[in-house]
1. Answer with yes or no whether TYR237 is in contact with a Ser or Thr (Cβ under 9 Å, 6 or more places away or on another chain) and closer than 23 Å to GLY40 by Cα.
2. Consider only pairs whose beta carbons are under 9 Å apart and that are at least six residues apart or on different chains; among these, list those whose first residue lies in region 99-115 and is under 8 Å from PRO149 (Cβ atoms) and whose second residue is part of a helix (DSSP H, G or I) and small (Gly, Ala, Ser).
3. Let me spell it out: the conditions are (1) at positive phi; (2) in contact (Cβ under 8 Å) with a residue 60 or more places away in the chain, and ALA209 meets all of them except one. Which number is the exception?
4. Do any residues in region 46-69 that are hydrophobic (A, V, I, L, M, F, W, C) have Cβ atoms under 8 Å from those of residues that are exposed (fewer than 12 other Cβ atoms within 10 Å of the Cβ) and outside any helix (DSSP H, G or I), where the two are at least six apart or on different chains, and which pairs are they?
5. Can you tell me which residue is nearest to MET146 (Cα to Cα) among those in region 174-211 that are more than 21 Å from the chain's Cα centre (by Cα) and of a type in the set (Gly, Ala, Ser)?
6. Take SER135 and decide whether it is closer than 25 Å to SER240 by Cα, over 18 Å from the mean Cα position of the chain (by Cα) and modelled with pLDDT under 85.
7. How many residues are outside any helix (DSSP H, G or I) and closer than 26 Å to GLY122 by Cβ if we restrict to region 174-218?
8. Looking only at region 94-126, which residues are surrounded by 15 or more Cβ atoms within 10 Å (Cβ to Cβ), over 22 Å from the mean Cα position of the chain (by Cα) and modelled with pLDDT of 90 or more?
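The values are calculated or read from the model by the stated rules, or taken from the named source; none is laboratory data. Since this is a predicted model, take the numbers as computed values, not measurements. Positions of Cβ are generated from backbone atoms using ideal geometry, with glycine treated the same way; all protein chains shown enter the neighbour counts.
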Amino acid sequence: MNIKYKKSVLSIILRTLVIVAACITGGTLLYIVGYILINGIPHLSPELFSWEYNSENLSMLPSIINTLIITALSLIIAVPLGIFSAIYLVEYAKRGNKLVGIIRITAETLSGIPSIVYGLFGMLFFVTALNMDYSILAGSLTMCIMILPLIMRTTEEALKSVPDIYREGSFGLGAGRLRTVFRVVLPSAVPGILAGVILSIGRIVGETAALIYTAGTFADIPESIMDSGRTLSVHMYTLSREGLHIDQTYATAVVLLIVVILINSLSALVAKRITKRRGEA
């Protein structure tokens, strides 16, 4: 009787803690989003979306375009590298291989390095050593190095979650390893892979320190990827640092929040469509 009573009390305590933690998390998120929207929406104006930036309109449109360019370039380079690296580690490398263990430890270590360190490396290597100067390309390559471990680890876990019976059935039907990976295993792991891509997009869009050292802070639409340009987060940081345009800073935060939500929603929709088609097939 006492044991049942203790178990019921413990269950009630744990359930209460879970509910309280969920309420605190949700309340904090709602407070932050609400605070940004309340302070930013009243200061949105057409001048903030002018094609050219100047000290009067403080347009964020060039920064939005730069953000999309850097995000696209980073993903184009990092996603294939991360996915193919994970495929090798899971499907081709021998289990217990010391090299594989070193690669995984290195990837986990890189995931925990502060972004300012990536920024300093990008400035010394891409900007200075390779003579790229402050450019969209230098910033994109630095972002690639930052998100590559994340994409690789999430893809690796997604591939591991695919049941071995899928592989065995494919081999039993006469398919080779390459066909099995690309026709059976990889499509089944798409939702997990896209989850890593979504997290990577969020990190790119919200990054500031690394891009200041590599892409620069020039507030204009670049004519090529070798030109300097600030992203939306860098634009917001620059305005807040000056201390003269706090209202425009809040407005930029609103747009940044909307951009992140739209990108994540679009990625989730694509993942859902792919999963649905996979289920129908």
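1. It is true that TYR237 is in contact with a Ser or Thr (Cβ under 9 Å, 6 or more places away or on another chain) and closer than 23 Å to GLY40 by Cα.
2. Hits for this filter: ALA107/SER85.
3. Tallying (1) at positive phi; (2) in contact (Cβ under 8 Å) with a residue 60 or more places away in the chain, ALA209 fails exactly one: (1).
4. Every condition considered, the pairs that remain are LEU61/TRP51.
5. Looking at the filtered set, the residue picked out is SER188.
6. No: the conditions fail for SER135.
7. Residues in region 174-218 being outside any helix (DSSP H, G or I) and closer than 26 Å to GLY122 by Cβ: 6 in total.
8. Listed by number, the list holds a single entry, PHE125.
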